[in-house]
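For reference, the structure is listed below as structure tokens.
The values are calculated or read from the model by the stated rules, or taken from the named source; none is laboratory data. Computed from a predicted model, the values in this text were never measured in an experiment. No Cβ is skipped: glycine too gets one built from the backbone with ideal geometry, and neighbour counts run over all protein chains shown.
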């Protein structure tokens, strides 16, 4: 198996994305938190984080600086213990309002357990794309996070419904609100997923706001087979953009 084909993933929480308002900080923190839950602490280098997440080293350094920032009474998500050489010794800060719940959530995920206090964690499959450069990968990282969220909801619906429903209904406005990203960013990310063959979509007019029905497909299609825009004539989402969101 080639290196680009090895399954590589990270698990993120929407609560961290809301707290940091940065997908880079969220994924860097998520990688460290997973290893903290697994080994009791994170003990590795900045370059190792960058290699795993396919970010530039500078992007990781900037994210860590924000996650460790305790200035002006700020409670950081991460704390750093004494490090040696190029390795960092990092842990989740359990004094942060999210810290304890996050460590509990990652630990329970690793042990295949669940409790009412467990935060949902969504898998980001980093191996689904192979960025040409780590310095220009924000769109791809956001796309993989959105795909992880949608795919998780589809799997949950399949388990929860008697007819094994393999779909997830949601409007673009609702997805935008969940992730804290602007509408046009989410639309662009969905267009990328459709062009890659990661999802199929249908339209649902059963509510006042048109929702998109997302379905995963087993095999990735080549982008050369034609791009299906989310805003095509068959799925006129744009006209519904400013209507109230129906939950």
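With respect to residue 173, determine if the residue is modelled with pLDDT under 90, in contact with a helix residue (DSSP H, G or I) (Cβ under 9 Å, 6 or more places away or on another chain) and assigned to a helix (DSSP H, G or I).
Numbers: modelled with pLDDT under 90: no; in contact with a helix residue (DSSP H, G or I) (Cβ under 9 Å, 6 or more places away or on another chain): yes; assigned to a helix (DSSP H, G or I): yes.
Criteria not met by residue 173.
Between 247, 216, 192, which is closer than 29 Å to residue 19 by Cβ, modelled with pLDDT of 80 or more and either touching a helix residue (DSSP H, G or I) at 6+ places or on another chain (Cβ under 8 Å) or buried (at least 17 other Cβ atoms within 10 Å of the Cβ) (or both)?
Details: 247 fails: modelled with pLDDT of 80 or more; 216 fails: modelled with pLDDT of 80 or more.
Criteria check complete, one pass: 192.
Filtering the stretch 118-165 down to residues that are outside any helix (DSSP H, G or I) and under 21 Å from residue 178 (Cα atoms), which residue is modelled with the lowest pLDDT? Explain how you work it out, then say what you get.
Here is the first cut: in the stretch 118-165, the residues outside any helix (DSSP H, G or I) are 118-125, 129-133, 137, 161-165.
Right, trim to under 21 Å from residue 178 (Cα atoms) and you get 118-125.
Numbers: 118: 86, 119: 93, 120: 94, 121: 96, 122: 96, 123: 95, 124: 95, 125: 93.
For the stretch 118-165, the residue satisfying everything is 118.
Output the residues belonging to the stretch 48-68 that are crowded, with 19+ Cβ neighbours inside 10 Å and in contact with a strand residue (DSSP E or B) (Cβ under 7 Å, 6 or more places away or on another chain).
Those that are crowded, with 19+ Cβ neighbours inside 10 Å and in contact with a strand residue (DSSP E or B) (Cβ under 7 Å, 6 or more places away or on another chain): 53, 67.
In this structure, is residue 57 touching a helix residue (DSSP H, G or I) at 6+ places or on another chain (Cβ under 7 Å) and modelled with pLDDT of 95 or more?
Working: touching a helix residue (DSSP H, G or I) at 6+ places or on another chain (Cβ under 7 Å): yes; modelled with pLDDT of 95 or more: no.
The answer is no for residue 57.
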